[in-house]
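The values are calculated or read from the model by the stated rules, or taken from the named source; none is laboratory data. A quick note: this is a predicted structure, and the numbers were derived from the prediction, not measured. Here the Cβ positions follow ideal geometry from the backbone for every residue, glycine too, while neighbour counts run over all protein chains shown. Accessible surface is based on the protein model in full, side chains and every heavy atom, while ligands, DNA and RNA are left aside. Shrake-Rupley method; radii C 1.70, N 1.55, O 1.52, S 1.80 Å.
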Amino acid sequence: MSSPKPNPVRDTLGGADAKNLQIQLPMDDTLGQTIVGRLLQQCSQTHKFWETQPVAQLKDIKDTSLPEGPIEPPTLVSKVKQEPYNLPGQFEWTTCDLNSDDVCSEVYSFFKENYSELAFKAEYSVEFLRWALCPPGYYQSWHVGVRVKTSKKLVAFIGGAPGRIRVRDEVIKMAKINFLCVHKKLRSKGLAPVMIKEVTRRVHLQNIWQAAYTSRDILSTPVSTCQYWGRMLNPKKLRDVGLTLFTERMSMSMTIKFFNLPDAPITPGFREMERRDVPAVTELFRNYLCQFGVAADFDENDVKHWLLPRENVIYSYLVVSPETHEVTDFCSFYAFPVLIPGNRKYTTVKYAYSYYNIATVTLFP
Ligand SMILES: CC(C)(COP(=O)(O)OP(=O)(O)OC[C@H]1O[C@@H](n2cnc3c(N)ncnc32)[C@H](O)[C@@H]1OP(=O)(O)O)[C@@H](O)C(=O)NCCC(=O)NCCS
């Protein structure tokens, strides 16, 4: 497979989070016939590790006789391997307490150094990490690190957060695995599969048997993929820092005019979400998400955690109908800075990623 030409915008957009959502479920017709075609085309290489794991395999894509349900049925927690997987002798496991400011800053610095090879690096703040990895009912044991025994230096991390995902009519407890990172100097030595197996073991110890993975590359068969589109808010700054979203056909003044926004929102009743909105937003979400075959099962606690605004992390807005006073529409994004190397004027650019958006009344103008 040939690598696409580097593009700082696309690469940093895509580097941060999900592109292929991998859930350990067999695929069927509704879960993406279009993806199947792309997969067969794109994925000619073998996956030594993932081919040994209980995920939908490429060879099974066209096999419609496979039953729907878990690939591996749950076993007894008492049968789960009690000891951690073996690491090469110089390393040891550590469980990262993200409530500790020191540990969280250490994880933050580790990501800053190692998460991205690109010139433009996403910077996951301590607040962002806590939001992403510590939702209600989270397990500290799923924040798995590897340290060098002698120096105690953190050299690898994988994080899991619990979530309830509804698959058709069944709500399943899952682990959402994210933030897999191995120190730059330790790559391609097989550490990532051990990290994945260890976090899986720790997930099983909580009597949870399914997981959702996100990854940049296609590994086994994705349940869902997503396409990133970029939208400039400050074209002049983006040009100055060298982010190349520009077409040669548009001058800077045309670009500014094209992307210009009104000084204030034009939708009547549009405002930032507040704590008092949690019940109405939860209801809006539940009504909206029930149309999908696979979706998060949000209750009020989830809505409080994932959607109540937190500066530099998550931003949520809604529309309250001036007539009925009901919450009719909702939009949100999460955000983090991306570091700009070697620029005299700017050190960071803020990236915002569209998150949940629900419109029942307001139409895009
Ligand atoms: C991703 C990363 C941890 C892989 O580490 P590595 O040392 O190159 O990987 P290893 O050689 O130990 O293991 C490779 C196996 O891990 C799998 N793997 C790599 N990234 C993965 C991911 N995000 N999710 C699940 N599995 C992944 C590979 O597919 C491969 O298995 P396969 O042979 O079955 O395909 C490392 O490149 C890294 O830290 N990158 C920067 C952070 C990053 O991009 N994280 C992923 C965010 S989506």
Open item on the list: Could you go through region 77-88 and let me know if any residue there is away from the ligand (no atom under 16 Å from the Cβ), within 30 Å of Val167 (Cβ to Cβ) and hydrophobic (A, V, I, L, M, F, W, C).
Closed with: yes
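Conditions (1) open to solvent by 50 Å² or more (accessible area, probe 1.4 Å); (2) basic (Lys, Arg); (3) part of a loop (DSSP other than H, G, I, E, B), marked per residue:
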{"position": "Lys59", "(1), (2), (3)": "yes, yes, no"}
{"position": "Lys62", "(1), (2), (3)": "yes, yes, yes"}
{"position": "Ser65", "(1), (2), (3)": "yes, no, yes"}
{"position": "Gly69", "(1), (2), (3)": "no, no, yes"}
{"position": "Asn86", "(1), (2), (3)": "yes, no, yes"}
{"position": "Thr94", "(1), (2), (3)": "no, no, no"}
{"position": "Glu106", "(1), (2), (3)": "yes, no, no"}
Open item on the list: I'd like the full set of residues that are among the hydrophobic types (A, V, I, L, M, F, W, C), surrounded by 14 or more Cβ atoms within 10 Å (Cβ to Cβ) and assigned to a helix (DSSP H, G or I), limited to region 253-285.
Closed with: Ile256, Phe259, Val278, Ala280, Val281, Leu284, Phe285
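Table: residues versus (1) within 15 Å of the ligand (Cβ to nearest atom); (2) acidic (Asp, Glu); (3) open to solvent by less than 20 Å² (accessible area, probe 1.4 Å).
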site	(1), (2), (3)
Ile158	yes, no, yes
Asp169	no, yes, no
Pro193	yes, no, no
Glu198	yes, yes, yes
Task: Test for Ala175: is it within 16 Å of the ligand (Cβ to nearest atom), more than 17 Å from the chain's Cα centre (by Cα), among the small types (Gly, Ala, Ser) and buried (at least 16 other Cβ atoms within 10 Å of the Cβ) - done: no
- [ ] Quickly run through region 105-155 and pick out the residues that are within 18 Å of the chain's Cα centre (by Cα), within 16 Å of the ligand (Cβ to nearest atom) and over 25 Å from Val241 (Cα atoms).
- [x] Val107, Leu129, Ala132, Leu133, Trp142, His143, Val144
- [ ] Give the residue, chosen from Tyr317, Tyr288, Tyr351, that is open to solvent by 50 Å² or more (accessible area, probe 1.4 Å) and in a strand (DSSP E or B).
- [x] Tyr317
